[in-house]
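The values are calculated or read from the model by the stated rules, or taken from the named source; none is laboratory data. The shown structure was predicted, so the numbers you read here are calculated from the model rather than taken from an experiment. Methodologically, a virtual Cβ is constructed for each residue, glycine included, from the backbone with ideal geometry; neighbour enumeration extends over all protein chains shown. All accessible areas refer to the heavy atoms of the entire protein, side chains included, with ligands and DNA or RNA removed. Shrake-Rupley method; radii C 1.70, N 1.55, O 1.52, S 1.80 Å.
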Amino acid sequence: KSLKAHIATLKELNIENDRLNKLLDFKSSTPGTLLPAQVIGLDLMSNHSTLRINRGSGDGVKKGQAIIASGGVVGSVFNVEARTSQVLVLTDRYFVIDAIIQRTRARGIIEGKSPVACRLKYLQRTDDVQVGDLVVTSGLDGVFPKGFPIGTVNEVEKRAYGVTQKVEIEPTIDPSRLDEVIVVQDLPKESYVYPTKVPY
């Protein structure tokens with residue numbers, strides 16, 4: 001039993017080491033002031049869907065700062081304490097972010113819908129949106145890197161009336177499976193486009 005436990009521990013250490021190396025590579029290739037943080041708590045069932053991270057005001061974290069992972073958008077800082085912060089995740093109904101369809105540049109607003117889905121709202125009825133399209137950040141808020149993955153379109157509904165269409169998004173990131181995230185504390189003023197190939 002002790003040998004099995006030792007092997008399991010080594011495997012977990014190797015997985016963690018691999019994750020941290022990917023995070024460091026991502027951090028070094030992404031412009032701006034980025035602060036790595038560990039996820040130390042998870043609450044996806046209360047009034048707000050949040051993560052708790054081990055960084056706070058003592059580390060320069062401020063309310064509203066973007067939280068990302070190497071694969072895409074996680075959320076934004078919701079509440080800040082001295083050594084920890086709460087992160088409102090992108091699936092929470094109060095989370096909003098300006099977004100575009102990568103393929104067609106059609107623009108809308110992402111809102112959280114459920115623990116596993118978001119909506120893309122305010123798209124015009126005539127906008128070209130298809131299942132499988134990648135939705136990315138517009139960068140217009142100056143908070144999230146431009147062109148950063150948010151999720152993939154998995155449902156499009158054009159009603160017989162109205163000027164908009166209903167678009168459901170499956171997030172790229174599953175907040176419940178995160179161990180580490182990155183706080184975007186500052187972005188360079190020049191426009192930044194995230195690479196097409198995303199390191200998952």
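Once the 1.4 Å probe is applied to the protein heavy atoms, the range 40-106 comes out at 43 Å² accessible per residue.
Approximating the spin labels as points 7 Å out from Cα along Cα→Cβ, the GLU170-to-ARG105 distance works out to 2.9 nm.
The charge dipole of the range 102-142, taken about its Cα centre with unit charges on the Cβ of Lys, Arg, Asp and Glu (plus for the first two, minus for the last two), comes to roughly 80 debye.
Placing R0 at 41 angstrom, the Cβ-Cβ distance between ALA82 and ARG177 gives a FRET efficiency of 0.90 after rounding to 0.05. When peptides 120-129, 163-172 are sorted by average Cβ neighbour count within 10 Å, with the highest value leading, the order is 163-172, 120-129.
Note on LYS62 and ASP128: with the Förster distance fixed at 45 Å, the Cβ-Cβ geometry gives a FRET efficiency of about 0.75.
Of LYS113/LYS166; LYS121/LYS146; LYS63/LYS166; LYS113/LYS158; LYS62/LYS166, which ones are farther than 22 Å apart at the Cα? Going by Cα-Cα distance, LYS63/LYS166; LYS62/LYS166 fall outside the 22 Å limit.
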